[in-house]
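The values are calculated or read from the model by the stated rules, or taken from the named source; none is laboratory data. Note that the coordinates shown come from a computational prediction; the quantities given were computed from them, not determined experimentally. Cβ placement follows ideal geometry from the backbone for every residue including glycine, while neighbour counts extend to all protein chains displayed. Protein only, heavy atoms only, side chains kept; ligands, DNA and RNA dropped before computing areas. Shrake-Rupley method; radii C 1.70, N 1.55, O 1.52, S 1.80 Å.
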Amino acid sequence: MVGRRAVLPALQAPLRTLAFTTFAMVAFASNSILCRLALGGGSIDPATFTSLRIASGAVTLFALAALTRRGARDAPGGWRSGFYLVLYAVAFSFAYLSLSAGTGALILFGCVQATMIVGALRSGERPGPLEWAGIAIALGGLVFLTAPGLTA
C-alpha cells in the first residue's frame with residue numbers, strides 16, 4: 001500500500017498538466033470557431049464584435065475582482081497589458097475575414113507560444129537542452145508548414 005501512495009503524487013502532476021493543457025487548447029479552438037461563426041456569416045462587423053468581446057471581458061473581470069477579497073485596483077496588470085489585449089483582439093477580428101482557419105490557428109498558436117517563451121526568458125527562466133530541442137523542433141515544423149506559402 002505504501003508503494004501505491006508514492007505513485008499517486010507522481011501521477012497527479014502530469015495528469016493535471018495534461019488536463020489544463022487540454023482545457024487551454026479546447027478554449028483556443030473554441031474561441032477560433034466562435035469568432036469565425038460570428039464574423040464569417042456577416043452577422044456582425046469586426047469592430048463591433050471586438051468592442052463587445054472587450055467590454056464583456058472587462059465586465060466579467062471586474063465582477064470577479066469584486067467577488068474576491070482583492071479589489072480591482074489591487075489586481076495585477078495595467079494599461080499596457082490591456083492595450084496589447086485590445087490590439088490582439090482587433091487584429092484577429094479583422095484577420096478572420098480573410099485568413100483560412102488553418103493559417104489563422106497557425107499564426108495565433110505561434111504567437112502565443114513565442115509570447116510565453118519570451119516572457120519566461122525575460123523573467124529569468126532558462127530552458128534546458130531538451131526544452132531548447134523542443135523549441136527548435138516546433139520552429140522547424142513551422143518553417144516546414146509555411147515553406148510552400150501560408151495558403152498551402
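Please compute the modelled spin-label separation between residue 83 and residue 59, points set 7 Å along Cα→Cβ, answer in nm with one decimal.
Output for this residue pair reads 2.7 nm.
Quick one: check the C-alpha center-to-center distance for region 77-93 versus region 20-47, whole angstrom.
Result: 17 Å between the Cα centres.
Quick one: net charge around residue 86, please, counting Lys, Arg +1 and Asp, Glu -1 for every other residue with C-beta under 13 Å from its C-beta.
+2
Rounded to the nearest 10 Å², what accessible area does residue 132 have for a 1.4 Å probe in the complete protein model?
Surface open to solvent at residue 132 totals about 120 Å².
Rank-order 36-49, 82-95, 117-130, 55-68 by packing density, defined as the average count of other C-beta atoms within 10 Å over each peptide's residues, highest first.
Order by mean packing, descending: 82-95, 36-49, 55-68, 117-130.
Rounded to whole Hz and in sequence order, give me ³J(HN,Hα) for region 89-96 from the Karplus expression 6.51 cos²θ - 1.76 cosθ + 1.60, θ = phi - 60°, writing x for Gly and Pro.
Karplus values, whole Hz, x for Gly and Pro: 5, 5, 4, 6, 5, 6, 5, 4.
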